[in-house]
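These notes are about the structure you will find just below.
The values are calculated or read from the model by the stated rules, or taken from the named source; none is laboratory data. Since the structure is predicted, the reported quantities are computational estimates derived from the model, not experimental observations. Neighbour counts run over all protein chains shown; Cβ positions are idealised from the backbone, glycine included.
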Amino acid sequence: MTAEIIVVTSGKGGVGKTTTSASLATGLAMAGKKTAVIDFDVGLRNLDLIMGCERRVVYDFVNVVNDEATLKQSLIKDKRYDNLFVLAASQTRDKDALTQEGVEKVLDGLSEMDFDYVVCDSPAGIEKGAHLAMYFADHAVVVVNPEVSSVRDSDRILGLLASKTRRAEKGEGPVIQHLLLTRYNPARVAIGEMLSVKDVEEILGIEVVGVIPESENVLTASNNGIPVIVDVNSHAGQAYSDTVARILGEERPLRFVEVPKKGFLQRVFGG
Amino acid sequence: MGILDFLKRKPEATANVARERLRIIVAQERSTRGAPDYLPMMRNELLEVIKKYVHVDLEAISINFERDSGHEILELSVTLPEAQAKQTAKQAAKGEVRTG
């Protein structure tokens with residue numbers, strides 16, 4: 001069986017790719033899928049911090065590519081879910097450390113180890129690292145913020161997914177695209193300060209697979225090295241759970257996209 | 001938001017501006033997606049050549065790139081200035097009014 005490969009990408013940096021990769025991979029594991037999440041950001045390793053396994057990194061992605069370590073030695077088993085594994089990025093400054101053949105070898109190795117899903121956390125930009133992260137993908141989660149530069153960059157990424165991937169080159173059917181809107185603030189949308197879900201969907205011509213509200217729980221989660229999806233009480237965590245369920249084919253209505261209605265006293269006195 | 005906050009606050013509804021700007025730039029970038037990188041440079045050089053004969057500006061040249069199965073089409077169109085033609089037409093029209 002071959003593993004389904006999901007790339008988490010965006011073009012623009014700082015929109016929530018790593019946060020999303022961590023929660024998506026954890027959510028898939030919570031759903032019982034054997035999942036690996038790989039950090040493609042060579043030189044700027046960060047997924048390990050968000051997953052809370054930074055002190056357990058011994059070997060990394062480039063070590064496996066260069067046959068300096070086996071996949072088994074390099075995969076870091078998650079503390080909470082025993083069907084979840086992290087492959088850290090290398091901290092080398094050598095930009096050419098990753099090659100298409102090397103990446104393919106690692107992905108094939110994961111399939112042989114019976115992984116159901118491999119989540120590829122792409123670096124920002126459209127350089128080699130980002131290209132390699134998306135090249136073998138079956139699904140793509142394009143992370144976008146309701147902000148002009150992010151929306152424009154994600155359109156560019158959608159174009160690349162349609163042309164610069166193995167599926168596109170070999171005519172194996174398109175990469176399935178999922179648009180994920182993060183850092184959404186319904187209150188600012190309501191007063192016309194922020195692009196709405198509908199605006200972003202119309203501009204990019206693709207429906208969202210999820211909307212993650214702007215939430216202080218995201219920072220708290222990253223401070224603690226716990227993917228926010230594990231925080232089942234937080235709105236962001238719940239929105240990620242919904243997103244994972246939708247990617248797995250379930251239909252769920254969007255939540256947290258409207259301003260919560262306040263009581264009369266709250267409206268008068270604020271709060 | 002309470003009454004005091006509401007009075008203090010002057011929200012600027014800039015989301016509309018963002019939406020319109022994005023619509024235009026995304027449409028423009030999609031139309032040239034996958035086209036070779038030399039297009040903008042070629043457009044400028046063509047403009048120089050055309051300028052030797054007719055006075056046109058950059059907006060007058062539009063380049064369209066299409067990819068079909070098996071072949072690519074580069075479509076170039078130059079809008080020739082109508083200013084002179086229009087002016088003479090206007091004068092002619094005025095003349096008609098006067099004489100009429």
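Which condition does A:Ala124 not pass, out of (1) touching a Lys or Arg at 6+ places or on another chain (Cβ under 8 Å); (2) over 30 Å from A:Val197 (Cα atoms), if it passes all the others?
(2)
Checking A:Gly129 against (1) in contact with a Leu (Cβ under 8 Å, 6 or more places away or on another chain); (2) closer than 16 Å to A:Thr182 by Cβ; (3) assigned to a helix (DSSP H, G or I), which test does it fail?
(2)
Can you list residue pairs whose Cβ atoms sit under 8 Å apart, with the first residue in region A:58-82 being under 17 Å from A:Gly225 (Cα atoms) and the second being aromatic (Phe, Trp, Tyr)? Count only pairs 6 or more apart in sequence or on different chains.
What qualifies is A:Ile76/A:Phe85; A:Lys77/A:Phe85; A:Asp78/A:Phe85.
Scan region A:30-40 residue by residue and report those that are surrounded by 24 or more Cβ atoms within 10 Å (Cβ to Cβ) and either over 23 Å from A:Ser241 (Cβ atoms) or not hydroxyl-bearing (Ser, Thr, Tyr) (or both).
Residues satisfying the conditions are A:Ala36, A:Val37, A:Ile38, A:Asp39, A:Phe40.
Restricting the first residue to region A:251-269 and requiring it to be within 14 Å of another protein chain (Cβ to nearest Cβ), which pairs with a second residue that is surrounded by 10 or more Cβ atoms within 10 Å (Cβ to Cβ) and at pLDDT below 80 meet a Cβ separation below 7 Å and a spacing of at least six or different chains?
Pairs that qualify, where the first residue is within 14 Å of another protein chain (Cβ to nearest Cβ) and the partner is surrounded by 10 or more Cβ atoms within 10 Å (Cβ to Cβ) and at pLDDT below 80, are A:Val268/B:Gly2; A:Val268/B:Ile3; A:Phe269/B:Gly2.
Output the residues belonging to region A:139-148 that are in contact with a Gly (Cβ under 9 Å, 6 or more places away or on another chain) and either assigned to a helix (DSSP H, G or I) or not β-branched (Val, Ile, Thr) (or both).
A:Asn145
Of the residues A:Glu214, A:Glu127, A:Glu169, only one is modelled with pLDDT of 95 or more and of a type in the set (Asp, Glu); which?
On the way: A:Glu127 fails: modelled with pLDDT of 95 or more; A:Glu169 fails: modelled with pLDDT of 95 or more.
Answer to the selection: A:Glu214.
hydroxyl-bearing (Ser, Thr, Tyr), under 24 Å from A:Lys12 (Cα atoms) and crowded, with 17+ Cβ neighbours inside 10 Å, is that true of A:Ser234? I'd like the intermediate steps shown before the answer.
On the way: hydroxyl-bearing (Ser, Thr, Tyr): yes; under 24 Å from A:Lys12 (Cα atoms): no; crowded, with 17+ Cβ neighbours inside 10 Å: yes.
No: the conditions fail for A:Ser234.
Quick one: is A:Thr18 within 30 Å of A:Ser215 (Cβ to Cβ) and either modelled with pLDDT of 95 or more or surrounded by fewer than 15 Cβ atoms within 10 Å (Cβ to Cβ) (or both)? Quick ask: steps written out before the conclusion?
Numbers: within 30 Å of A:Ser215 (Cβ to Cβ): yes; either modelled with pLDDT of 95 or more or surrounded by fewer than 15 Cβ atoms within 10 Å (Cβ to Cβ) (or both): yes.
So A:Thr18 passes the test.
Within region A:47-100, considering only helices (runs of 4 or more DSSP H) that don't extend past its boundaries, which have at least 1 residues that are exposed (fewer than 13 other Cβ atoms within 10 Å of the Cβ)?
It comes to A:71-74.
Would you point out which residue out of A:Arg156, A:Arg167 is more than 15 Å from the chain's Cα centre (by Cα) and in contact (Cβ under 8 Å) with a residue 40 or more places away in the chain? Show your work before the answer.
Values: A:Arg167 fails: in contact (Cβ under 8 Å) with a residue 40 or more places away in the chain.
Only one candidate qualifies: A:Arg156.
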